[in-house]
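The values are calculated or read from the model by the stated rules, or taken from the named source; none is laboratory data. The model shown is predicted, which means the values in this text are computed figures rather than measured ones. FYI the Cβ positions are ideal-geometry reconstructions off the backbone, even for glycines, and counts take in every protein chain you see. Note: areas computed on protein heavy atoms with side chains; ligands, DNA, RNA excluded. Shrake-Rupley method; radii C 1.70, N 1.55, O 1.52, S 1.80 Å.
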Amino acid sequence: MKNFKFINFNPRKKTTETIYLFSERVSGTIGRTILACVLVMLFFYTMPVLISYVDDEILVKEYENNSRKLMVYKLDGKSNINEELDVNDIFDEKDLLSDILTLNDLENDSVRLSAITIEQLFKDTKYSLDDVRKNKLVKPVALTWLPYEIKKIQNTKKRKELFLQIVLPLALEENNKIKLDRLKLFNIIGKDSNTELEKKWLNKKYKQYGVTSKDLSTLKARMDEIPTSLILAQAAKETGWGTSRFALEGNALFGQWTWSGEGLKPKDAEVSTGHKVMKFNILQASVRAYQRNLNTHRSYKEFRKARSKLRAEGKELDSIVLSEHLDMYAETGKKYVEILQQIIEQNNLKDFDDAKLLPSSRKLETLI
């Protein structure tokens, strides 16, 4: 009766006695085998639950959409630039945004033209997408606002064309600025020594692109264009071809987030997140902010690597290839990429990749 030697009805000893009896019974080989089986089953039962929990945590962190936080840094009073950018050292985040903020403050009381007025303007200047596809030249018509009436245009083709006509010159203008900067950068790289003025310009660009290491190869990889077709596709996707409230009320072509007071509150935004979609005074500031985002944010590091690879191979920047690395732009991930590619292909947006903006200055004539 050894196994029952310590059994009594004292509640305080119940746990100890149970463990003792159990240990006596499993002391043999069979008992250890059974115990091992139980432990293995518990392991395989609990691991999926644990893995699921960890995956959920990762997905929550990954799809909080921190990649849209470009215009968050100084504007919301936070100091999280080194968490979002692909940088290690601390520097003044105003340097990253200085030219965007200056451009954004350029016009606070710009006039919004009606859709009819804009269409007439395009007609008077002989600016049409058919002509651009044929001659590859775009009139430098820079509008500051989308027309409210664009969402009332029932004809889908007509609405898309008006939207593309408005955004196309802005995209080309910003790419032209980057082209001029790259030409100057290559000129500096090719010299044995540089002037003080060139060094000053270089330091400004290091700050503008978040290159705290002052590495020329990193700057060259970041200071580069975004294919025009990709800019147009993302603007179309993010705004519903110019019909979204964010686009019409805040010139937000690319849905960038902010936690500051300057922004539009999404109707379905969670109270805990508190984010807003940032407002811009002019459309061009939205395009520049979008380009700076893709060129500096750590979420698009692979995008920049793929772009540099195409450059190294002497190939044209392919929007379909590069779009593969934009899955972090939206919560839908790869589905978002598929939609972008469909927009590019179905609307023949690649026709505009080699389009040139007619010069508004002598400096820009060299790019045609």
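Residues checked against (1) assigned to a helix (DSSP H, G or I); (2) polar (S, T, N, Q); (3) modelled with pLDDT of 95 or more:
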| site | (1), (2), (3) |
| --- | --- |
| 161 | yes, no, yes |
| 174 | yes, no, yes |
| 177 | yes, no, yes |
| 186 | yes, no, yes |
| 201 | yes, no, yes |
| 210 | no, no, no |
| 213 | no, yes, no |
| 220 | yes, no, yes |
| 225 | no, no, yes |
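Taking into account only those residues within the range 131-151 that are open to solvent by 60 Å² or more (accessible area, probe 1.4 Å) and free of Cβ contacts under 8 Å to residues at least 12 places away in the same chain, which is nearest to residue 100 (Cα to Cα)?
Looking at residues that are open to solvent by 60 Å² or more (accessible area, probe 1.4 Å) and free of Cβ contacts under 8 Å to residues at least 12 places away in the same chain, I get 135.
Considering the conditions (1) open to solvent by less than 30 Å² (accessible area, probe 1.4 Å); (2) free of Cβ contacts under 8 Å to residues at least 60 places away in the same chain; (3) in contact with a Phe, Trp or Tyr (Cβ under 7 Å, 6 or more places away or on another chain), residue 229 is excluded by exactly one of them, (2).
Only one entry of 118, 153, 81, 100 meets the criterion of being at pLDDT 80 or above and under 18 Å from the mean Cα position of the chain (by Cα), and that entry is 100. Screening 286, 308 for residues that are within 22 Å of residue 98 (Cα to Cα) and either touching a His at 6+ places or on another chain (Cβ under 6 Å) or polar (S, T, N, Q) (or both) leaves exactly one candidate, 286.
How many of the residues making up the range 341-350 are surrounded by fewer than 15 Cβ atoms within 10 Å (Cβ to Cβ) and either assigned to a helix (DSSP H, G or I) or modelled with pLDDT under 95 (or both)? Here the count works out to 3. Can you list residue pairs whose Cβ atoms sit under 6 Å apart, with the first residue in the range 112-129 being closer than 11 Å to residue 148 by Cα and open to solvent by less than 50 Å² (accessible area, probe 1.4 Å) and the second being assigned to a loop (DSSP other than H, G, I, E, B) and not hydroxyl-bearing (Ser, Thr, Tyr)? Count only pairs 6 or more apart in sequence or on different chains. Going by the 6 Å Cβ cut-off, the qualifying pairs are 114/147; 115/147.
Out of the range 101-143, which residues are assigned to a loop (DSSP other than H, G, I, E, B) and within 16 Å of residue 172 (Cα to Cα)?
127, 128, 136, 139, 140, 141, 142, 143, listed by residue number.
Can you spot a residue in the range 304-317 that is modelled with pLDDT under 95 and not hydroxyl-bearing (Ser, Thr, Tyr)? No, the range 304-317 contains no residue that is modelled with pLDDT under 95 and not hydroxyl-bearing (Ser, Thr, Tyr). Among the residues of the range 252-260, is any open to solvent by less than 30 Å² (accessible area, probe 1.4 Å), more than 20 Å from residue 101 (Cα to Cα) and either in a helix (DSSP H, G or I) or modelled with pLDDT of 90 or more (or both)? No.
If the condition is being over 21 Å from residue 301 (Cβ atoms) and either open to solvent by 80 Å² or more (accessible area, probe 1.4 Å) or not in a loop (DSSP other than H, G, I, E, B) (or both), then the range 313-340 contributes 316, 335, 338, 339.
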